[in-house]
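Participant: Got a structure for you, questions after.
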Amino acid sequence: MMKRVLVLCMVVAALACSNAYGLAVTTWTGAVGTDWMDAGNWTAGVPSTAADTVAYLTGSPDLAVATIDNVDAGVSEWVSIGGTADGQYSVEMKGAAKLATVGGFYFRGAGAASDAAVDNLTLSGTSVLTIGAYLETGQMGGTGTTNITLNDSAVMYAGTGNGSYLGNAGNRTNIYVNDSATFATGNLWLGYHSGNGGPCMLSVQNDAIVTAGSTIVGLTATSVSRIDMDGGTATLASLVLGFNGTGTLDMTGGVINTGALRVEDAATGGIISVSGGTIYADDLYLGMGTIMMTVSGTGMVVLDGDQMEKVAGYIAGEILTVGAYYHSYGNTYLVPEPASMLLLGFGSLIFVRRNRR
């Protein structure tokens, strides 16, 4: 059987930049197994800030796995995974494993147009990954797929002072937050790229916790991205669906706490369906045109403040007809537009005065 080979590098922004910063390169070979902490698996020892080592994950097309199992791997420099057309690379953190980076954690993508490249990061048990700067997928261009899975009570702090920028250059990115796991980040942008934002999906299940700053689903025109929420709690500074691309929220359970909830024109791609669970929002922004927003079943959307007078004249049966919005001093103003509608069904749109969370 061909020996599995994993080339894992920690970079400042790219390999060229690492030399400028005077950092050495250590390359994963997997020569003696899959243990991240075994120096025999690295060309220049286990990466660490003490050794000023950076590394790079690329190379072999074989499925390769590096494992941090129930140990504290310390603080490393920047981590970059992938970059080949058909490589499949995985990093697994198990038990009480810990890893921290000074810089970012990059999933490079295929490096070319390829569906074969797959990069995986899996956290389970009580493992903790702390990313000092950015979490970014598709960082080196190309396509490929990135899967990030958080199980059990695992925690990932992903650039809480910076953010997570997902789906560069057509990269397909899936983040699964399951069980009682926690995903905490700064800005969370799904479908992030000036010319070719890839499809991204955030799935929140069970008792999982997500906290993020400005959250945009479908950032660029080519992006078709979504949030699937079946449980747990998401606390967001703001939530925008369909900024330039297609952004969908499909909510069947759980709780979302957000500042502004902004649903853009469905021609651009803002779609929201709440058939279970509750959204608490400080304001509701509805773009011009056809707004595809359905609240049904046991779903609820609760807006801050007594705003019923602003919309009462636009309600006919179960349809709230609105168009452009104007926002000033914390208030939402709705303007009639027959093409735009909020279908209430058996769900609820509620206006309440509540304390800010």
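The values are calculated or read from the model by the stated rules, or taken from the named source; none is laboratory data. On a predicted model such as this, the values are computed, not experimentally measured, just so you know. Please note: Cβ atoms are built from the backbone with ideal geometry, for glycine as well, and neighbour counts cover all protein chains shown.
Participant: Exactly one condition in (1) within 19 Å of Tyr134 (Cα to Cα); (2) modelled with pLDDT of 75 or more; (3) surrounded by fewer than 16 Cβ atoms within 10 Å (Cβ to Cβ) is not met by Val75; state its number.
Facilitator: Here Val75 clears every test but (3).
Participant: Hey, another quick one. When segment 135-175 is examined, which residues are found to be over 29 Å from Asn70 (Cα atoms) and out of contact with any Phe, Trp or Tyr (no Cβ under 9 Å at 6 or more places or on another chain)?
Facilitator: Scanning segment 135-175 gives Gly141, Gly142, Thr143, Ala169, Gly170, Arg172.
Participant: Enumerate the pairs (first residue in segment 105-116 and over 11 Å from Thr146 (Cα atoms); second residue anywhere and modelled with pLDDT of 80 or more and not in a loop (DSSP other than H, G, I, E, B)) with beta-carbon separation below 6 Å, excluding pairs fewer than 6 apart on the same chain, so at least 6 apart or on different chains.
Facilitator: Note: pairs meeting the criteria are Phe105/Val79; Phe105/Ile131; Phe105/Leu135.
Participant: Assuming Gly232 fulfils every condition listed in (1) in contact (Cβ under 8 Å) with a residue 40 or more places away in the chain; (2) part of a strand (DSSP E or B); (3) buried (at least 24 other Cβ atoms within 10 Å of the Cβ); (4) under 15 Å from the mean Cα position of the chain (by Cα) apart from one, which condition is it?
Facilitator: Here Gly232 meets the rest and fails (4).
Participant: Could you go through segment 186-208 and let me know if any residue there is of a type outside the set (A, V, I, L, M), closer than 26 Å to Gly253 by Cα, touching a Leu at 6+ places or on another chain (Cβ under 9 Å) and surrounded by fewer than 18 Cβ atoms within 10 Å (Cβ to Cβ).
Facilitator: Scanning segment 186-208, I find no residue that is of a type outside the set (A, V, I, L, M), closer than 26 Å to Gly253 by Cα, touching a Leu at 6+ places or on another chain (Cβ under 9 Å) and surrounded by fewer than 18 Cβ atoms within 10 Å (Cβ to Cβ), so the answer is no.
Participant: Here's something else I'd like to know. Could you please find all residues in segment 174-212 being assigned to a strand (DSSP E or B) and charged (D, E, K, R)?
Facilitator: Hits for segment 174-212: nothing passes.
Participant: Cβ contacts < 8 Å: first residue touching a residue at least 24 places away in the same chain (Cβ under 8 Å), restricted to segment 240-264; second residue among the basic types (Lys, Arg), any location; separation 6+ or different chain. Result?
Facilitator: Taking only residues 6 or more apart or on different chains, the pairs are Val240/Arg262; Leu241/Arg262; Gly247/Arg226; Thr248/Arg226; Leu249/Arg226; Asp250/Arg226; Asn257/Arg357.
Participant: Can I ask one more? Provide a single number: the residues in segment 174-193 that are touching a residue at least 40 places away in the same chain (Cβ under 8 Å) and polar (S, T, N, Q).
Facilitator: 1
Participant: Turning to a different aspect of this structure: Among the hydroxyl-bearing types (Ser, Thr, Tyr) and modelled with pLDDT of 85 or more: is that true of Ser80 in this structure?
Facilitator: No: the conditions fail for Ser80.
Participant: Answer yes if at least one residue in segment 217-228 is touching a His at 6+ places or on another chain (Cβ under 9 Å) and either assigned to a strand (DSSP E or B) or surrounded by fewer than 24 Cβ atoms within 10 Å (Cβ to Cβ) (or both), and no otherwise. I'd like the intermediate steps shown before the answer.
Facilitator: At the first step, the residues of segment 217-228 found to be touching a His at 6+ places or on another chain (Cβ under 9 Å) are 219-220, 222-223.
Okay, now just the ones that are also either assigned to a strand (DSSP E or B) or surrounded by fewer than 24 Cβ atoms within 10 Å (Cβ to Cβ) (or both), so 220, 222.
Yes, because at least one residue in segment 217-228 is touching a His at 6+ places or on another chain (Cβ under 9 Å) and either assigned to a strand (DSSP E or B) or surrounded by fewer than 24 Cβ atoms within 10 Å (Cβ to Cβ) (or both).
Participant: Among the residues of segment 116-127, which ones are at pLDDT below 90 and touching a Gly at 6+ places or on another chain (Cβ under 7 Å)?
Facilitator: Ala117, Val118, Asp119
Participant: Within segment 88-96, does at least one residue satisfy the condition of being modelled with pLDDT of 90 or more, part of a loop (DSSP other than H, G, I, E, B) and within 25 Å of the chain's Cα centre (by Cα)?
Facilitator: yes
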